[in-house]
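Asks: Pasting a structure below so you can have a look.
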Amino acid sequence: MKAYKGYTPSVRLESGDTMLHGTVEGIRDVIHFTGKSVDELEAAFHDSVDDYLDWCKEDGVDPQKPYSGKLAFRTTPEHHRLISEAASASARSINQWMDDALTAAAKATLESGSRKIKLG
């Protein structure tokens, strides 16, 4: 399933259950949805996000945003050195180089069509 209104779903099957279960990734609030088919699950995902946004508006609170644009990253000193050298060689900051490299890798992964479903 694709993101909806900036919210990304995570889907799992629970052992012994005939329902598909989903939650929204990247926020502290819990948005849960279920469905018996992929189409039903996607409709429930959209409805749940819409309900969440309506609830936030009614209560006068800002809805949580899944991604802030800040990404904590830890690596080994050797990898850090390699990343720094690669960024310097391409006349970019480490941040710019990492953003480009990670975005390209993410697009390649998603375009390959391989998707995994978490089993509960």
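Asks: Roughly what angle does helix 77-89 make with the longest principal axis of the chain, taking Cα atoms, 0 to 90 degrees, to the nearest 10?
Replies: Result, in degrees: 70.
Asks: Could you give the dipole magnitude of the chain about its Cα centre, charging the beta-carbon of Lys and Arg +1 and that of Asp and Glu -1, in debye to the nearest 20?
Replies: 640
Asks: Oh, and also: Of Ala44, His79, Phe33, whose Cα points farthest to the positive end of the dipole of the range 31-86 (charges on the beta-carbon: +1 Lys, Arg; -1 Asp, Glu; origin at the Cα centre)?
Replies: Sorting the options by dipole projection puts first His79.
Asks: What's the local net charge at Asp51, with K and R +1, D and E -1, over the other residues with C-beta under 13 Å away?
Replies: -4
Asks: If you bin the C-alpha pair distances of the range 8-64 every 10 Å from 0, what whole percents do you get?
Replies: 24, 48, 22, 5
Asks: Using the C-alpha atoms of the chain, what convex hull volume per residue, in cubic angstrom, is computed?
Replies: 149
Asks: Would you mind telling me which residue in Thr75, Thr109, Thr34 has the biggest mean-square fluctuation in a Gaussian network model of the chain, where springs connect alpha carbons within a distance under 10 angstrom?
Replies: Thr75
Asks: Okay, moving on. Okay, helix-only estimate at 222 nm for the chain: each DSSP H run of n ≥ 4 adds -39500 (n - 2.57), divide by all residues, round to 500 deg cm²/dmol; what do you get?
Replies: Dividing the helical sum by the residues of the chain leaves -15000 deg cm²/dmol.
Asks: In degrees from 0 to 90, rounded to the nearest 10, what is the angle of the helix 38-59 Cα long axis to the longest principal axis of the chain?
Replies: Approximately 90 degrees, to the nearest 10.
Asks: Among Gly22, Ala104, Tyr7, flag the residue with its Cα farthest along the positive direction of the charge dipole of the chain, charges on Cβ as +1 for Lys/Arg and -1 for Asp/Glu.
Replies: Farthest towards the positive end: Ala104.
None of the figures in this text is laboratory data; all of them are computed from the coordinates on show. Since we're looking at a predicted model, the values are computed, not measured. Cβ coordinates were reconstructed from backbone atoms using ideal geometry, including for glycine residues, and neighbour counts include every protein chain displayed.
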